[in-house]
1. If you check Ala67 against the conditions, is it within 16 Å of the ligand (Cβ to nearest atom), under 17 Å from Ala201 (Cα atoms), in contact (Cβ under 8 Å) with a residue 40 or more places away in the chain and among the small types (Gly, Ala, Ser)?
2. Taking Leu32 as the residue in question, decide whether it is surrounded by 14 or more Cβ atoms within 10 Å (Cβ to Cβ) and either under 21 Å from Met196 (Cβ atoms) or of a type outside the set (Val, Ile, Thr) (or both).
3. Out of everything in segment 7-33 that is in contact with a Gly (Cβ under 9 Å, 6 or more places away or on another chain) and free of Cβ contacts under 8 Å to residues at least 40 places away in the same chain, what residue ends up being farthest from the ligand (Cβ to nearest atom)?
4. Somewhere in segment 178-185, is a residue at pLDDT 95 or above and part of a helix (DSSP H, G or I)?
Amino acid sequence: FEAVDAPAGVLVGRRGRVGLIVLDRPQALNALNNQAMDAVVTAAERFDVDDTIGAIVLTGAGRAFAAGADIKEMAELGYAEATGRDLFAGWDALTRIRTPLIAAVNGFALGGGCELAMMCDVIIAADTAKFGQPEINLGVVPGMGGTQRLTRAVGKAKAMELILTGRMMDAREAESAGLVARVVAADALLDDVLAMADGIAEKSLPALYAATELVDAAFESTLAEGVARERRTFHAAFALDDQKEGMRAFIEKREPRFTHR
Ligand code: CO8
């Protein structure tokens with residue numbers, strides 16, 4: 001990996017067409033403070049406007065993806081300060097990243113950590129991963145989308161149970177509940193996710209943008225609206241060089257070489 005930047009608590013690098021962002025404060029189980037938020041969002045936004053990057057991987061160093069928002073940083077905040085700063089609103093910027101964003105969850109993904117993973121397009125989990133929304137144990141509620149995204153991912157019954165009890169679920173349970181795309185052995189996680197990211201990054205970038213946008217639209221629109229939007233987007237793909245290349249390569253029995261246009 002070529003190091004791109006090293007803001008406090010986060011490592012940023014790239015290899016080929018894949019950008020890598022590593023939460024790197026293992027002594028605090030990668031608890032998410034403001035510095036981490038700014039660093040992750042800035043790195044993702046830079047990768048997003050760089051058309052030599054076709055996929056971004058987000059992971060954590062040590063035994064956590066992220067064990068939540070930094071409790072030590074927020075313990076003594078008052079309401080006026082929390083709302084005045086619109087605490088954690090900055091993370092929303094990640095949902096506007098158009099380049100496919102893959103969470104490689106290596107250990108604890110709790111509270112804001114679970115919510116951060118759910119802001120990504122795909123979650124791949126190590127068999128050691130643990131997911132949960134333990135905020136109820138701290139006398140608060142999830143604050144970065146947990147009540148909404150977890151409910152959409154796993155349904156009301158399980159989301160309600162997890163959020164009311166604050167218990168953790170392991171990777172297998174998260175996979176069977178639909179939160180996680182795949183579970184892999186912990187020592188193979190990063191290699192596996194990077195191989196997947198390399199494959200995605202070779203595909204047509206405009207098609208990738210369209211695909212993530214359309215899947216996300218499924219949560220915001222009716223079925224008929226979503227299907228109509230998908231069909232128009234499919235039609236529009238025929239204006240791309242990449243559609244010609246992809247279909248010709250199939251007919252000529254060779255690998256496509258997308259120019260991302
Ligand atoms: N904030 C600050 N420090 C933390 C956090 C955290 N969330 N999690 C762990 N740490 C620190 C510990 O204090 C400890 O530091 P020290 O060595 O200085 O005492 C170090 O990391 C190691 O942790 P433990 O000794 O506790 O390790 P264990 O293996 O015994 O336990 C656990 C691991 C179970 C993960 C435990 O650390 C834990 O329960 N952590 C808190 C999990 C939690 O409650 N998370 C939710 C936080 S609230 C939240 O996320 C609100 C969401 C709002 C939006 C957030 C946007 C980012």
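The values are calculated or read from the model by the stated rules, or taken from the named source; none is laboratory data. Everything numeric here is computed off the predicted structure, so don't read it as measured data. Every residue, glycine among them, receives a Cβ derived from its backbone with ideal geometry; neighbour counts consider all protein chains shown.
1. It is false that Ala67 is within 16 Å of the ligand (Cβ to nearest atom), under 17 Å from Ala201 (Cα atoms), in contact (Cβ under 8 Å) with a residue 40 or more places away in the chain and among the small types (Gly, Ala, Ser).
2. Criteria met by Leu32.
3. It comes out as Gly13.
4. no
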